[in-house]
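A.B. asks: Here it is, the structure, as structure tokens.
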Amino acid sequence: MGSMLILIGGVLLVTYLALAAVLYVMQPKFLYSPERDVSDTPDELGLDFKDVVFKSADGLDLSGWYIPAKNSKHTILFCHGNGGNMAHRLDSINIFHNLGLNCFIFDYRGYGDSLGKPSEEGTYTDAMAAYKWLTEEKKIPAENIIIFGRSLGGSIAAQLASKVEARALIVESAFTSYVDIGKEYYPYMPVRWFARFGYRTIDYIRNVRCPVMLIYSGNDEIVPFKFGLELYEAANEPKEFIEIFGSHNDCFLASSEIYTEVWEKWLKFLKEHKSQSAQQQAP
């Protein structure tokens, strides 16, 4: 009987270690799901846009679209999620355009036509390069840039906003950290010990000094709603938390009326906040 228990224990241990090894090795595949084929463009929506090629700090050619809106005061810097490429974000681009916002969306290295291979530092570097293209090439003042990120892009957007000046940061459906989301999916694994990525959104957001809005769905099946509340607690004032409904990938569409109204109110707030800040700084 003792030998049988030892044998079973040994088999379970080997199985556990094998699973841990697979999870360790496969982490980049689980985290990044890029697609190379950019099948659609804003032309599909009847929108004018500019194909942009810009360089990362380490010399890679990156691809983006700049979609202008008539008489727009603000420009969205759009950090998308971990799957597909920017062609899969046309619904969001259309929403931003209808809100009267310029939009600059880009593909991280290894996504779409952007060269290279995805990595954590690479995504941060690419977001910074996109920001510099807006501020240095397009000459858009930092105070007119709204940094927006959805899902994994929310962590990337928060990291960027912690490093640069911006009018606001908007984080949608992002996790608090890579380790935290790993614990949710693999509670039986020592995730902290073998996590190959950080994406510490909660640490980044503590260092963001511009206004912050967080948008989360109570029905999100991928990123727990509680992560949004934790990020809200960590963020500095002024800040806003918005609850919508729908699944992780389509909550902004399922909640379209609420979603649009939230953005309209936030843009109005930003205008008022800018005016108040200017008055406070006046001699």
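FYI, it's all coordinate maths here, none of it is from the lab. Worth saying up front: this structure is predicted, and the values here are computed from it rather than measured. With ideal geometry, Cβ positions are generated from the backbone for all residues, glycine too; neighbour counts draw on all protein chains shown.
A.B. asks: Only bridges with both residues in the chain count here: give the DSSP antiparallel percent, nearest 5.
C.D. replies: 30 percent
A.B. asks: Assuming 1.002 mPa s and 20 °C, estimate D for the chain with Stokes-Einstein, Rh taken as the Kirkwood radius over Cα pairs, in µm²/s.
C.D. replies: 108 µm²/s
A.B. asks: Please work out the ratio of the alpha-carbon Rg of the stretch 127-276 to 2.2 N^0.38 Å and round it to two decimals.
C.D. replies: Its radius of gyration relative to the 2.2 N^0.38 Å reference: 1.06.
A.B. asks: Follow-up. Quick check: convex hull of the Cα atoms in the stretch 73-142, volume per residue, rounded to a whole Å³?
C.D. replies: Dividing the Cα hull volume of the stretch 73-142 by its residue count gives 85 Å³.
A.B. asks: Return the lysines within reach of Lys265: Cα separation strictly under 30 angstrom, same-chain partners fewer than 8 residues apart disregarded; answer none if there are no such residues.
C.D. replies: Lys50, Lys70, Lys73, Lys132, Lys138, Lys139, Lys163, Lys226, Lys239, Lys274
A.B. asks: With n ≥ 4 as the cut-off for DSSP H runs, can you work out [θ] at 222 nm for the chain, using -39500 (n - 2.57) per run divided by the number of residues, rounded to the nearest 500?
C.D. replies: The helix-only estimate for the chain comes to -13000 deg cm²/dmol at 222 nm.
A.B. asks: Using the per-residue mean of other Cβ atoms lying within 10 Å as a proxy for protection, in what order, highest first, do the peptides 260-273, 100-113, 134-147 fall?
C.D. replies: Those peptides, ordered most packed to least, come out 100-113, 134-147, 260-273.
A.B. asks: Quick one: grab Rg to one decimal and Dmax as a whole number for the stretch 29-162, Cα atoms only, in Å.
C.D. replies: Considering the stretch 29-162 through its Cα atoms, Rg and Dmax are 13.4, 42 Å.
A.B. asks: Counting alpha carbon pairs within less than 8 Å and at least 6 residues apart, what relative contact order, in whole percent, applies to the chain?
C.D. replies: Computed over the chain, the figure is 13 percent.
A.B. asks: Report the Cα centroid-to-centroid distance between the stretch 165-220 and the stretch 127-163 in angstrom, as an integer.
C.D. replies: 17 Å
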